[in-house]
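Novice: The structure is given below, and queries will be raised subsequently.
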Amino acid sequence: MRNVIINADDFGLCRGVNYGIVDSHRFGIVNSTTMLVNMPGTLHAVELAKVYPELQVGIHLTLTCGRPVSGGVPSLLDERGLFRYTSRIFEEREINVDEVEMEWEAQVDKFLSFGLPLSHIDSHHHVHSFRPLIPVVKRLSERFGIPVRNVPCDGLDAMNVLTDRFSMDFYGDGVSVEGLKRILDSRDEGETLEIMCHPAYVDTYLKGNSSYCEQRLRELDVLTGIKEWAF
């Protein structure tokens, strides 16, 4: 598919997610993924990425799961030393931007230490589109020479964004062959489109740490069953 990026989030979360993403690439239409560098499945994801170099890998910056990569970011953590934010981060009145920049720079540095080409920046729960953090993302993009993937946020328009349009519609109740076809058919001529997805095999870790489980398996089925039609 020309001008279409099918990007699988959460690479590195756990082995079930990693295998689901890789199989969606090998047998389906996923051509890009983004990696969490601070999770139990990170090193396993790195191994798989080196086996399948045609799969583009970006960094999935996070403030909402796992432990920090850097030290000295106490305002971002709870009493257990885990990131204290959730997907409701957009309701926060204050956030320590300096600590976020320190942590996200450390996450990028850790990704680069794996020896993988870094294709782009995006984030877990779209936190990089939280308005106070947009300048941080812009500085990281410029500092490392890495483009940003799009999200529905005006503040990112001035950055080096790779796509014309970003779709989050292939999620939850929107996961079906017909739904994915509608998204693909909605492209304007010459438009570059990114579609977010979350394929996975449901393992014990995923069951215990994500409310979005069985839907990931349904995404995997659709993404690996539509290849002949899509191409």
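Novice: Would you call residue 158 surrounded by fewer than 17 Cβ atoms within 10 Å (Cβ to Cβ), more than 30 Å from residue 95 (Cα to Cα) and at pLDDT below 95?
Specialist: Values: surrounded by fewer than 17 Cβ atoms within 10 Å (Cβ to Cβ): yes; more than 30 Å from residue 95 (Cα to Cα): no; at pLDDT below 95: yes.
Considered against the rule, which asks whether it is surrounded by fewer than 17 Cβ atoms within 10 Å (Cβ to Cβ), more than 30 Å from residue 95 (Cα to Cα) and at pLDDT below 95, residue 158 comes out as no.
Novice: Looking at this structure, is residue 76 surrounded by 17 or more Cβ atoms within 10 Å (Cβ to Cβ) and either on the phi > 0 side of the Ramachandran plot or under 17 Å from the mean Cα position of the chain (by Cα) (or both)?
Specialist: no
Novice: Could I ask something else about it? Among the numbered criteria (1) buried (at least 17 other Cβ atoms within 10 Å of the Cβ); (2) touching a Leu at 6+ places or on another chain (Cβ under 8 Å); (3) aliphatic (A, V, I, L, M), which single criterion is violated by residue 112?
Specialist: (1)
Novice: Can you go through 201, 212 and tell me which one is at pLDDT 90 or above and surrounded by fewer than 16 Cβ atoms within 10 Å (Cβ to Cβ)?
Specialist: 212
Novice: In addition: Filter segment 173-231 for residues that are assigned to a helix (DSSP H, G or I), touching a Leu at 6+ places or on another chain (Cβ under 9 Å) and among the β-branched types (Val, Ile, Thr); which is nearest to residue 33 (Cα to Cα)?
Specialist: It comes out as 222.
Novice: For segment 2-9, check the following and say yes or no: at least one residue is crowded, with 21+ Cβ neighbours inside 10 Å, under 18 Å from the mean Cα position of the chain (by Cα), in contact (Cβ under 8 Å) with a residue 12 or more places away in the chain and over 22 Å from residue 209 (Cα atoms).
Specialist: Checked segment 2-9: at least one residue is crowded, with 21+ Cβ neighbours inside 10 Å, under 18 Å from the mean Cα position of the chain (by Cα), in contact (Cβ under 8 Å) with a residue 12 or more places away in the chain and over 22 Å from residue 209 (Cα atoms).
The values are calculated or read from the model by the stated rules, or taken from the named source; none is laboratory data. Since the structure is predicted, the reported quantities are computational estimates derived from the model, not experimental observations. Neighbour counts run over all protein chains shown; Cβ positions are idealised from the backbone, glycine included.
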